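Worksheet for the structure shown next.
The values are calculated or read from the model by the stated rules, or taken from the named source; none is laboratory data. Computed from a prediction, not measured in an experiment: that's the story for all the values here. Because the Cβ atoms are built from the backbone with ideal geometry, glycine has one as well, and the counts that use them run over all protein chains shown.
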Amino acid sequence: MDFRAILMGLGFALMWSSAFTSGRIIVQYAPPLTALAIRFLISGMLGVIIARMMGQGWRLSREQWQSTVIFGLCQNALYLGLIFVAMQWVEASVVSIIASTMPLMVAFFGWLLMGQRLKPMAIAGLVAGVIGVSLIMGARITGGIDLAGLALCLLATLALTVATLTVRSAAAGGNVLMIVGLQMLVGAVAVGIAALLFETWTVTWSPRLIAAFTYTTLVPGLLATWVWFRLVGRIGAVKAASFHFLNPFFGVAVAAALLGERLGSLDLIGVAIIAISIFMVQMSKREPAPREAS
C-alpha cells in the first residue's frame, strides 16, 4: 500500500466519522428527515451535474441500476434516515460506534445466511466485537441511554449491512460519480416522502446549522464517497475496508472535540476492542502472498 493510498484511507475514515457530529448539530436545529432530504437533493444534483461535466452518462447497466436503487433506499433512506432520527436523542459518539460495527455484521450475516467461510482470525474478531459492544451498551443502558434511539441505530446499521451483502460493486462499468449522485436522488425522494408524512417545517436558523449542513452535504456526502471509490480502485476493496477500524476512534474524537461529549473508561475500552475486532475481520480476508519458487 503506497503513501497516497494511506492518506486517502485516513481522509475517508475521518470524513466518514465526522458526519455523525455534523448530523447531531443539524437535528438540534431542524427536523431530521426534512434536512436529510434536502441534503440528498443538493448532493445528488451536484453529483449528477459534475458527472455530466466529466462526460459520464446515466445509461447504466441493469446491475448498476439495481445497485443504485437498493443503495439509495437502504444506505441513504433507511440507514441515514434512521440515524438522523436517532441522533435527536443519542449522542454522536455512540451513534458512530454502533455504525462502525457494520463490517462485523457483514461478516457475521455473510457466514450465517450466505455460507461464507470465516477464518479463525475473523471468528476471534467477531467475538471481540461482541465484547466491545457489550461493554459500551451495558454502560450506556445503565446510564440512561434512550432505548428507542439505540434501537433505531441498530436497525440502521442492519439496513446498510443488507445492502452491502445483496449488491455487488456498483462501480463496475464506470460512471462512478453519476451512480453516487443518482443514489442520493433516490434517497432524497424516499426520505422526502417520509418527511412530508411525519414532520413539520420548523427550523431554528443559526450559523452553526448552516455550517454543519454545508459540511455534511459536501464533505461526507460527496467527497468521502468519491474518495472511497477511488481508494477501492487503487488498492482493492479488502485493503480499503481495513481503514474502517479507525472509524470508532475518529467518531469519538470528533464528537468530543466539537460537541464536548464525554466517554467513560468502559466506553474507551469498548472503542479500542471494536477497532481491533474490525481490523482482525478485515485482515482475515487478505489472501496470503504467493510463495516464490525456489
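Whether a residue is more than 17 Å from the chain's Cα centre (by Cα) and either in a helix (DSSP H, G or I) or at negative phi (or both) was assessed, and Val127 passes this test. Within the stretch 32-73, which residues are of a type outside the set (A, V, I, L, M, F, W, C), over 21 Å from the mean Cα position of the chain (by Cα) and on the phi < 0 side of the Ramachandran plot? Of everything in the stretch 32-73, those that are of a type outside the set (A, V, I, L, M, F, W, C), over 21 Å from the mean Cα position of the chain (by Cα) and on the phi < 0 side of the Ramachandran plot turn out to be Arg52, Gln56, Gly57, Arg59, Ser61, Arg62, Glu63.
The criterion of being loosely packed, with under 15 Cβ neighbours inside 10 Å, at pLDDT below 85 and of a type in the set (Gly, Ala, Ser) does not hold for Gly221. Of the residues making up the stretch 83-98, those that are in a helix (DSSP H, G or I) and buried (at least 24 other Cβ atoms within 10 Å of the Cβ) are Ile83, Phe84, Ala86, Ala92, Ser93, Val94, Val95, Ser96, Ile97, Ile98.
Does Phe213 count as at pLDDT 90 or above, aromatic (Phe, Trp, Tyr) and either part of a helix (DSSP H, G or I) or surrounded by fewer than 21 Cβ atoms within 10 Å (Cβ to Cβ) (or both)? Taking the combined requirement at face value, the residue satisfies it. Restricted to the stretch 1-59, and to residues there that are outside any helix (DSSP H, G or I) and modelled with pLDDT of 90 or more, the residue that is farthest from Tyr215 (Cα to Cα) is Pro31.
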